[in-house]
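The values are calculated or read from the model by the stated rules, or taken from the named source; none is laboratory data. Please read these numbers as outputs of a predicted model, since none were measured by experiment. When we count neighbours, we look across all protein chains shown, and the Cβ atoms used for this are built from the backbone with ideal geometry, even at glycine. These area figures cover heavy atoms from the full protein model, side chains too; ligands, DNA and RNA do not enter into them. Shrake-Rupley method; radii C 1.70, N 1.55, O 1.52, S 1.80 Å.
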Amino acid sequence: AGHGDRLHYLGQRTLREIRALVKHVDIHLLPTLWDNAPYACIEAMASGRAILTSDFGGMPELIDHERNGLLARTDDADSFIEELGRFIADADMRTTLGAAVRRTVEESFTDTHLAQRTVDLWQATIDGEAVA
């Protein structure tokens, strides 16, 4: 209600422009309906800013509701409006969850971490172990 002056559609941008802009947003809104774990979410996570996304597919594996971001119910616009309203109204929550999501990236998505997970996966496959 009355947030049109604070929301801006910027249109198509280059990757360099997007990376520069990501650092200046207060809330990343990612209402994905088909992408299981979009790179856009990981980029947003790395920015250390608040994230609101759908509870679709792999998104709950990246975003833990109220611990490092907010999840809205897929295909439920009212859920997105409600959660977005919470972020708009609570700057402390945006800051806290933004810092938490940045820690998630630092702990789970560094090059070294991902390389080790790949090595572990291949080793488990070679050893005939079940992979989780």
Seminar exercise, completed: Just one listed residue, out of Ala37, Ala72, Ala46, is in contact (Cβ under 8 Å) with a residue 12 or more places away in the chain and touching a Lys or Arg at 6+ places or on another chain (Cβ under 8 Å), and it is Ala46
Problem set entry | Per-region count, segment 80-117, residues open to solvent by 70 Å² or more (accessible area, probe 1.4 Å) and β-branched (Val, Ile, Thr) | 4
For this session: Could you list, in sequence order, all residues of segment 56-75 that are modelled with pLDDT of 95 or more and open to solvent by 40 Å² or more (accessible area, probe 1.4 Å)?
Result: Asp64, His65, Glu66, Arg67, Arg73
